[in-house]
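Contents: one structure, followed by commentary.
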Amino acid sequence: MKTNKPQPKRGTPDFQLLILTLLLVGFGLLMVFSSSSSLTVFSQKWGHDPLYFTKRQLIFAIVGTFVMLVAMNINYKKYKKLFIPVFFLSLIMLILVVVVGKATNGASSWFNLGKLGIQPTELAKIATIVYLAALITKKGERIRQWKGGFFPVLIIVGIVAGLIMLQPDLGSTFILVATSGLIIYAGGASVKHITACISLVALGLALTIGVGSLFDSISGGDVQQEASSNYKMGRIEAYLDPFKDQSGTGYNLVQSLIAIGQGGATGAGYGEGVQKLHYLPNPYNDFIFSVIGEEFGFIGTSIFLLIYLYFIWRGIIVALRCPDPFGTLTGIGIMGLIAIQAFINIGGVTNTIPITGVTLPFISYGGSSLLVMMLAMGIMLSISRESNRPDKEEHVKSVIKKDYRATR
(Lines give C-alpha, C1' and ligand atoms only; values in the text may rest on other atoms or scores of the structure.)
Protein backbone atom coordinates (compact mmCIF):
# COMPACT_ATOMS: atom_id res chain seq x y z
CA MET A 1 0.00 0.00 0.00
CA LYS A 2 1.37 3.39 -1.06
CA THR A 3 1.69 5.91 1.74
CA ASN A 4 2.04 9.65 1.36
CA LYS A 5 5.34 10.98 2.62
CA PRO A 6 4.71 13.67 5.28
CA GLN A 7 5.63 17.16 4.12
CA PRO A 8 8.39 18.91 6.11
CA LYS A 9 7.07 21.43 8.58
CA ARG A 10 7.56 25.03 7.47
CA GLY A 11 9.25 27.52 9.75
CA THR A 12 8.07 30.90 10.95
CA PRO A 13 8.59 34.00 8.79
CA ASP A 14 11.45 36.33 9.66
CA PHE A 15 9.90 38.57 12.32
CA GLN A 16 12.39 41.41 11.86
CA LEU A 17 11.82 41.59 8.10
CA LEU A 18 8.05 41.60 8.58
CA ILE A 19 8.12 44.39 11.18
CA LEU A 20 10.57 46.48 9.14
CA THR A 21 8.34 46.18 6.06
CA LEU A 22 5.25 47.33 7.96
CA LEU A 23 7.28 50.09 9.62
CA LEU A 24 8.42 51.47 6.26
CA VAL A 25 4.89 51.30 4.82
CA GLY A 26 3.50 53.10 7.89
CA PHE A 27 6.15 55.81 7.68
CA GLY A 28 5.41 56.14 3.97
CA LEU A 29 1.73 56.82 4.74
CA LEU A 30 2.70 59.53 7.22
CA MET A 31 5.00 61.18 4.67
CA VAL A 32 2.41 60.98 1.87
CA PHE A 33 -0.03 62.84 4.16
CA SER A 34 2.55 65.42 5.19
CA SER A 35 3.72 66.10 1.64
CA SER A 36 0.33 66.13 -0.10
CA SER A 37 -2.28 67.52 2.33
CA SER A 38 -1.25 71.15 1.92
CA LEU A 39 -1.62 70.82 -1.86
CA THR A 40 -4.93 68.96 -2.05
CA VAL A 41 -6.77 71.01 0.59
CA PHE A 42 -6.57 74.11 -1.64
CA SER A 43 -7.18 72.35 -4.95
CA GLN A 44 -10.58 71.85 -6.55
CA LYS A 45 -9.01 69.14 -8.72
CA TRP A 46 -8.63 66.95 -5.61
CA GLY A 47 -11.89 68.03 -3.99
CA HIS A 48 -10.22 70.18 -1.30
CA ASP A 49 -9.56 66.92 0.53
CA PRO A 50 -6.34 66.92 2.61
CA LEU A 51 -6.51 63.10 2.73
CA TYR A 52 -6.96 62.63 -1.03
CA PHE A 53 -3.66 60.84 -1.68
CA THR A 54 -3.37 59.40 1.82
CA LYS A 55 -6.68 57.53 1.60
CA ARG A 56 -5.74 56.00 -1.72
CA GLN A 57 -2.32 55.00 -0.48
CA LEU A 58 -3.91 53.52 2.66
CA ILE A 59 -6.22 51.37 0.53
CA PHE A 60 -3.26 50.08 -1.46
CA ALA A 61 -1.33 49.49 1.78
CA ILE A 62 -4.20 47.39 3.20
CA VAL A 63 -4.58 45.40 -0.01
CA GLY A 64 -0.79 45.08 -0.24
CA THR A 65 -0.58 43.75 3.31
CA PHE A 66 -3.19 41.12 2.47
CA VAL A 67 -1.25 40.19 -0.70
CA MET A 68 1.97 39.97 1.33
CA LEU A 69 0.40 37.66 3.93
CA VAL A 70 -1.06 35.40 1.23
CA ALA A 71 2.25 35.27 -0.66
CA MET A 72 4.07 34.56 2.60
CA ASN A 73 1.99 31.43 3.16
CA ILE A 74 2.62 30.00 -0.31
CA ASN A 75 5.73 27.86 -0.59
CA TYR A 76 8.13 30.01 -2.59
CA LYS A 77 9.11 27.01 -4.76
CA LYS A 78 5.64 27.16 -6.33
CA TYR A 79 6.46 30.59 -7.75
CA LYS A 80 8.73 28.90 -10.29
CA LYS A 81 5.64 27.86 -12.25
CA LEU A 82 3.22 30.52 -11.02
CA PHE A 83 5.31 33.37 -12.40
CA ILE A 84 5.72 31.98 -15.92
CA PRO A 85 2.28 33.25 -17.04
CA VAL A 86 2.80 36.42 -14.96
CA PHE A 87 6.04 37.10 -16.84
CA PHE A 88 4.42 36.75 -20.26
CA LEU A 89 1.42 38.80 -19.11
CA SER A 90 3.79 41.59 -18.10
CA LEU A 91 5.34 41.49 -21.60
CA ILE A 92 1.89 41.90 -23.18
CA MET A 93 1.13 44.80 -20.83
CA LEU A 94 4.44 46.48 -21.70
CA ILE A 95 3.50 46.31 -25.38
CA LEU A 96 0.00 47.68 -24.69
CA VAL A 97 1.28 50.60 -22.62
CA VAL A 98 3.42 51.79 -25.55
CA VAL A 99 0.40 51.61 -27.88
CA VAL A 100 -2.39 53.00 -25.69
CA GLY A 101 -0.47 54.33 -22.68
CA LYS A 102 -0.84 57.75 -21.12
CA ALA A 103 2.18 60.01 -21.76
CA THR A 104 3.56 61.78 -18.66
CA ASN A 105 6.82 63.73 -18.62
CA GLY A 106 7.76 62.39 -22.03
CA ALA A 107 7.11 58.70 -21.22
CA SER A 108 4.07 56.46 -21.84
CA SER A 109 4.31 54.38 -18.66
CA TRP A 110 0.65 54.19 -17.65
CA PHE A 111 -2.70 53.07 -18.98
CA ASN A 112 -6.08 53.34 -17.31
CA LEU A 113 -8.66 50.65 -16.56
CA GLY A 114 -11.60 52.82 -15.56
CA LYS A 115 -10.35 54.99 -12.72
CA LEU A 116 -7.50 52.63 -11.92
CA GLY A 117 -4.08 53.57 -13.27
CA ILE A 118 -1.74 50.64 -13.98
CA GLN A 119 2.04 50.81 -14.43
CA PRO A 120 3.09 47.52 -16.08
CA THR A 121 6.80 48.22 -15.54
CA GLU A 122 6.42 47.56 -11.81
CA LEU A 123 4.96 44.10 -12.40
CA ALA A 124 7.57 43.38 -15.08
CA LYS A 125 10.39 43.99 -12.57
CA ILE A 126 9.33 41.34 -10.05
CA ALA A 127 8.17 38.93 -12.79
CA THR A 128 11.57 39.14 -14.49
CA ILE A 129 13.37 38.55 -11.18
CA VAL A 130 11.48 35.34 -10.38
CA TYR A 131 11.60 34.11 -13.98
CA LEU A 132 15.36 34.67 -14.24
CA ALA A 133 15.97 33.00 -10.87
CA ALA A 134 14.02 29.92 -11.99
CA LEU A 135 15.77 29.80 -15.37
CA ILE A 136 19.29 30.21 -13.96
CA THR A 137 18.60 27.58 -11.28
CA LYS A 138 17.45 25.17 -13.98
CA LYS A 139 20.56 25.80 -16.08
CA GLY A 140 22.93 25.26 -13.15
CA GLU A 141 26.58 25.17 -14.25
CA ARG A 142 25.56 25.75 -17.88
CA ILE A 143 25.10 29.45 -17.05
CA ARG A 144 28.87 29.77 -17.45
CA GLN A 145 28.55 28.71 -21.08
CA TRP A 146 27.78 31.38 -23.65
CA LYS A 147 25.50 29.59 -26.12
CA GLY A 148 23.48 27.26 -23.91
CA GLY A 149 23.45 29.29 -20.70
CA PHE A 150 24.30 32.97 -20.65
CA PHE A 151 23.01 34.07 -24.07
CA PRO A 152 19.35 32.91 -23.65
CA VAL A 153 19.19 34.71 -20.28
CA LEU A 154 20.64 37.83 -21.91
CA ILE A 155 17.97 37.72 -24.63
CA ILE A 156 15.18 37.66 -22.03
CA VAL A 157 16.61 40.67 -20.19
CA GLY A 158 17.11 42.48 -23.49
CA ILE A 159 13.48 41.95 -24.56
CA VAL A 160 12.04 43.30 -21.30
CA ALA A 161 14.51 46.21 -21.16
CA GLY A 162 13.81 47.05 -24.81
CA LEU A 163 10.04 47.20 -24.21
CA ILE A 164 10.54 49.52 -21.22
CA MET A 165 12.86 51.75 -23.27
CA LEU A 166 10.13 52.12 -25.91
CA GLN A 167 8.04 54.10 -23.39
CA PRO A 168 10.77 55.50 -22.91
CA ASP A 169 11.67 55.01 -19.23
CA LEU A 170 15.44 55.13 -18.76
CA GLY A 171 15.32 54.93 -14.95
CA SER A 172 13.25 51.72 -14.84
CA THR A 173 15.33 50.23 -17.66
CA PHE A 174 18.52 50.79 -15.69
CA ILE A 175 16.94 49.31 -12.54
CA LEU A 176 15.82 46.20 -14.42
CA VAL A 177 19.17 45.68 -16.15
CA ALA A 178 21.19 46.27 -12.96
CA THR A 179 18.98 43.92 -10.92
CA SER A 180 19.10 41.26 -13.63
CA GLY A 181 22.89 41.61 -13.78
CA LEU A 182 23.06 41.05 -10.03
CA ILE A 183 21.00 37.85 -10.29
CA ILE A 184 23.06 36.59 -13.23
CA TYR A 185 26.31 37.27 -11.37
CA ALA A 186 25.02 35.59 -8.19
CA GLY A 187 23.90 32.65 -10.33
CA GLY A 188 27.51 31.93 -11.28
CA ALA A 189 27.79 33.48 -14.75
CA SER A 190 31.23 34.17 -16.20
CA VAL A 191 32.61 37.58 -15.22
CA LYS A 192 34.11 37.79 -18.71
CA HIS A 193 30.67 37.46 -20.29
CA ILE A 194 29.14 40.01 -17.92
CA THR A 195 31.93 42.54 -18.52
CA ALA A 196 31.59 42.16 -22.29
CA CYS A 197 27.83 42.74 -22.08
CA ILE A 198 28.23 45.85 -19.92
CA SER A 199 30.67 47.28 -22.47
CA LEU A 200 28.30 46.52 -25.35
CA VAL A 201 25.30 48.03 -23.54
CA ALA A 202 27.24 51.22 -22.75
CA LEU A 203 28.42 51.49 -26.36
CA GLY A 204 24.93 50.78 -27.72
CA LEU A 205 23.34 53.36 -25.42
CA ALA A 206 25.87 56.00 -26.43
CA LEU A 207 25.32 55.27 -30.13
CA THR A 208 21.54 55.31 -29.72
CA ILE A 209 21.54 58.67 -27.98
CA GLY A 210 24.06 60.14 -30.41
CA VAL A 211 22.34 58.90 -33.59
CA GLY A 212 18.92 59.85 -32.20
CA SER A 213 20.04 63.39 -31.43
CA LEU A 214 21.66 63.72 -34.86
CA PHE A 215 18.54 62.42 -36.60
CA ASP A 216 16.30 64.82 -34.66
CA SER A 217 18.52 67.79 -35.48
CA ILE A 218 18.49 66.92 -39.20
CA SER A 219 14.85 65.93 -39.65
CA GLY A 220 13.34 68.12 -36.99
CA GLY A 221 11.28 65.17 -35.67
CA ASP A 222 7.69 65.42 -34.42
CA VAL A 223 6.62 67.54 -31.49
CA GLN A 224 6.31 64.66 -29.01
CA GLN A 225 9.76 63.24 -29.82
CA GLU A 226 11.33 66.68 -29.62
CA ALA A 227 9.68 67.38 -26.25
CA SER A 228 10.84 64.00 -24.91
CA SER A 229 14.40 64.62 -26.11
CA ASN A 230 14.47 68.11 -24.60
CA TYR A 231 13.11 66.75 -21.32
CA LYS A 232 15.91 64.17 -21.05
CA MET A 233 18.62 66.64 -22.03
CA GLY A 234 17.24 69.06 -19.45
CA ARG A 235 17.76 66.46 -16.71
CA ILE A 236 21.38 65.95 -17.71
CA GLU A 237 22.03 69.71 -17.87
CA ALA A 238 20.39 70.15 -14.46
CA TYR A 239 22.63 67.44 -12.99
CA LEU A 240 25.78 69.08 -14.31
CA ASP A 241 24.81 72.56 -13.09
CA PRO A 242 21.35 72.88 -11.51
CA PHE A 243 21.84 76.58 -10.69
CA LYS A 244 22.59 77.57 -14.28
CA ASP A 245 18.88 77.61 -15.15
CA GLN A 246 17.10 77.76 -11.80
CA SER A 247 13.72 78.64 -13.24
CA GLY A 248 13.93 76.13 -16.11
CA THR A 249 15.74 72.82 -16.41
CA GLY A 250 17.29 73.08 -12.93
CA TYR A 251 14.12 74.15 -11.08
CA ASN A 252 13.13 70.74 -9.69
CA LEU A 253 16.60 69.88 -8.44
CA VAL A 254 17.24 73.34 -6.98
CA GLN A 255 14.00 73.17 -4.98
CA SER A 256 14.95 69.68 -3.78
CA LEU A 257 18.38 70.83 -2.61
CA ILE A 258 16.85 73.86 -0.87
CA ALA A 259 14.42 71.57 0.98
CA ILE A 260 17.19 69.26 2.18
CA GLY A 261 19.43 72.20 3.11
CA GLN A 262 16.68 73.95 5.10
CA GLY A 263 16.26 70.84 7.23
CA GLY A 264 19.56 71.51 8.99
CA ALA A 265 20.47 69.15 11.80
CA THR A 266 17.08 68.55 13.41
CA GLY A 267 14.58 69.56 10.73
CA ALA A 268 11.55 71.83 10.71
CA GLY A 269 9.35 69.18 12.32
CA TYR A 270 6.77 66.77 10.93
CA GLY A 271 4.30 68.60 8.69
CA GLU A 272 6.16 71.91 9.04
CA GLY A 273 8.10 71.81 5.76
CA VAL A 274 7.81 74.81 3.43
CA GLN A 275 9.16 73.56 0.09
CA LYS A 276 6.23 71.19 -0.42
CA LEU A 277 3.93 74.24 -0.59
CA HIS A 278 3.88 74.55 -4.40
CA TYR A 279 7.68 74.91 -4.64
CA LEU A 280 8.83 71.29 -4.74
CA PRO A 281 7.30 69.33 -7.67
CA ASN A 282 5.65 65.99 -6.86
CA PRO A 283 6.56 66.19 -3.15
CA TYR A 284 4.46 63.09 -2.39
CA ASN A 285 6.11 61.03 -5.13
CA ASP A 286 9.54 61.42 -6.73
CA PHE A 287 10.74 64.08 -4.27
CA ILE A 288 9.35 62.68 -1.03
CA PHE A 289 12.88 62.15 0.31
CA SER A 290 13.43 65.90 0.04
CA VAL A 291 10.42 66.44 2.31
CA ILE A 292 11.89 63.93 4.78
CA GLY A 293 15.16 65.86 4.72
CA GLU A 294 13.46 69.20 5.39
CA GLU A 295 11.13 68.01 8.14
CA PHE A 296 13.47 65.62 9.99
CA GLY A 297 16.86 67.14 9.25
CA PHE A 298 20.21 65.40 9.05
CA ILE A 299 19.66 63.38 12.24
CA GLY A 300 16.19 62.14 11.33
CA THR A 301 17.19 61.41 7.74
CA SER A 302 20.25 59.47 8.94
CA ILE A 303 18.06 57.33 11.23
CA PHE A 304 15.67 56.68 8.35
CA LEU A 305 18.53 55.64 6.05
CA LEU A 306 20.05 53.37 8.72
CA ILE A 307 16.70 51.61 9.17
CA TYR A 308 16.35 51.26 5.42
CA LEU A 309 19.87 49.85 5.10
CA TYR A 310 19.25 47.39 7.93
CA PHE A 311 16.03 46.31 6.17
CA ILE A 312 17.97 45.60 2.95
CA TRP A 313 20.77 43.85 4.86
CA ARG A 314 18.26 41.68 6.72
CA GLY A 315 16.65 40.65 3.45
CA ILE A 316 20.01 39.69 1.95
CA ILE A 317 20.80 37.58 5.04
CA VAL A 318 17.47 35.79 4.64
CA ALA A 319 18.24 35.10 0.98
CA LEU A 320 21.74 33.76 1.70
CA ARG A 321 20.47 31.47 4.44
CA CYS A 322 18.05 29.74 2.08
CA PRO A 323 19.37 26.25 1.19
CA ASP A 324 17.72 26.33 -2.24
CA PRO A 325 19.45 28.22 -5.12
CA PHE A 326 16.12 29.43 -6.52
CA GLY A 327 15.19 30.98 -3.16
CA THR A 328 18.62 32.59 -2.81
CA LEU A 329 18.60 34.11 -6.31
CA THR A 330 15.01 35.33 -5.95
CA GLY A 331 15.77 36.91 -2.57
CA ILE A 332 18.95 38.60 -3.84
CA GLY A 333 17.01 39.90 -6.84
CA ILE A 334 14.18 41.34 -4.73
CA MET A 335 16.45 43.06 -2.22
CA GLY A 336 18.74 44.21 -5.03
CA LEU A 337 15.74 45.75 -6.80
CA ILE A 338 14.73 47.69 -3.67
CA ALA A 339 18.29 48.83 -2.96
CA ILE A 340 19.01 49.95 -6.54
CA GLN A 341 15.69 51.78 -6.91
CA ALA A 342 16.13 53.52 -3.55
CA PHE A 343 19.65 54.60 -4.50
CA ILE A 344 18.47 56.01 -7.85
CA ASN A 345 15.63 57.94 -6.20
CA ILE A 346 17.70 59.35 -3.33
CA GLY A 347 20.72 59.91 -5.57
CA GLY A 348 18.58 61.87 -8.02
CA VAL A 349 17.01 64.26 -5.52
CA THR A 350 20.39 64.90 -3.84
CA ASN A 351 22.16 65.51 -7.19
CA THR A 352 24.40 62.47 -6.72
CA ILE A 353 23.18 61.13 -10.07
CA PRO A 354 20.83 62.58 -12.72
CA ILE A 355 17.12 62.55 -11.86
CA THR A 356 15.29 59.65 -13.53
CA GLY A 357 11.83 59.93 -11.98
CA VAL A 358 11.55 56.65 -10.04
CA THR A 359 9.75 56.23 -6.73
CA LEU A 360 11.26 55.52 -3.32
CA PRO A 361 10.06 51.97 -2.47
CA PHE A 362 7.43 51.77 0.32
CA ILE A 363 7.60 55.55 0.90
CA SER A 364 6.48 57.37 -2.26
CA TYR A 365 2.85 57.60 -3.34
CA GLY A 366 1.96 55.03 -5.97
CA GLY A 367 -0.41 52.09 -5.86
CA SER A 368 1.25 49.89 -8.49
CA SER A 369 4.67 50.27 -6.90
CA LEU A 370 3.43 49.60 -3.37
CA LEU A 371 1.39 46.52 -4.34
CA VAL A 372 4.29 44.96 -6.23
CA MET A 373 6.75 45.73 -3.43
CA MET A 374 4.42 44.15 -0.85
CA LEU A 375 4.05 41.09 -3.09
CA ALA A 376 7.84 40.92 -3.33
CA MET A 377 8.17 41.05 0.45
CA GLY A 378 5.58 38.28 0.75
CA ILE A 379 7.86 36.12 -1.41
CA MET A 380 10.84 37.13 0.77
CA LEU A 381 8.97 36.13 3.93
CA SER A 382 8.07 32.80 2.30
CA ILE A 383 11.77 32.25 1.61
CA SER A 384 12.54 33.09 5.24
CA ARG A 385 10.12 30.36 6.36
CA GLU A 386 12.27 27.83 4.52
CA SER A 387 15.37 29.20 6.26
CA ASN A 388 13.66 28.86 9.66
CA ARG A 389 12.44 25.29 9.21
CA PRO A 390 12.67 23.29 12.48
CA ASP A 391 14.30 20.34 10.66
CA LYS A 392 16.67 22.49 8.57
CA GLU A 393 19.75 21.53 10.57
CA GLU A 394 19.01 17.82 10.27
CA HIS A 395 18.32 18.24 6.55
CA VAL A 396 21.64 20.00 5.96
CA LYS A 397 23.51 17.33 7.95
CA SER A 398 21.92 14.55 5.89
CA VAL A 399 22.93 16.28 2.64
CA ILE A 400 26.53 16.65 3.91
CA LYS A 401 26.65 12.96 4.90
CA LYS A 402 25.39 11.89 1.46
CA ASP A 403 27.98 14.07 -0.28
CA TYR A 404 30.73 12.66 1.97
CA ARG A 405 29.74 9.07 1.25
CA ALA A 406 29.61 9.78 -2.47
CA THR A 407 33.19 11.05 -2.47
CA ARG A 408 34.60 8.06 -0.61
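The values are calculated or read from the model by the stated rules, or taken from the named source; none is laboratory data. Please read these numbers as outputs of a predicted model, since none were measured by experiment. For neighbour counting, all protein chains shown are included, and Cβ atoms are generated from backbone atoms with ideal geometry for every residue, glycine included. Just so you know, the surface numbers come from the protein's heavy atoms only, side chains and all, with ligands and any DNA or RNA stripped out. Shrake-Rupley method; radii C 1.70, N 1.55, O 1.52, S 1.80 Å.
The table for this structure:
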| read-out | value |
| --- | --- |
| Accessible area in the full protein assembly, largest first, 1.4 Å probe, for 144, 10 | 144, 10 |
| Cross-link pairs 80/138; 78/139; 125/192 - those with Cα-Cα distance over 20 Å | 125/192 |
| Segment residue 59-residue 95, length gained on full extension (0.36 nm per residue, minus Cα span) | 10.1 nm |
| Largest to smallest accessible area among 41, 157 [probe 1.4 Å] | 41, 157 |
| Ordering of 49-57, 287-295 by burial proxy (mean other Cβ atoms within 10 Å per residue, highest first) | 287-295, 49-57 |
| Reference-scaled alpha-carbon Rg (2.2 N^0.38 Å with N residues) for segment 259-383 | 1.16 |
| Spin-label proximity, residue 86 to segment 173-191 - amide N less than 19 Å from point 7 Å beyond Cα toward beta carbon | 176-177, 179-181, 183-184 |
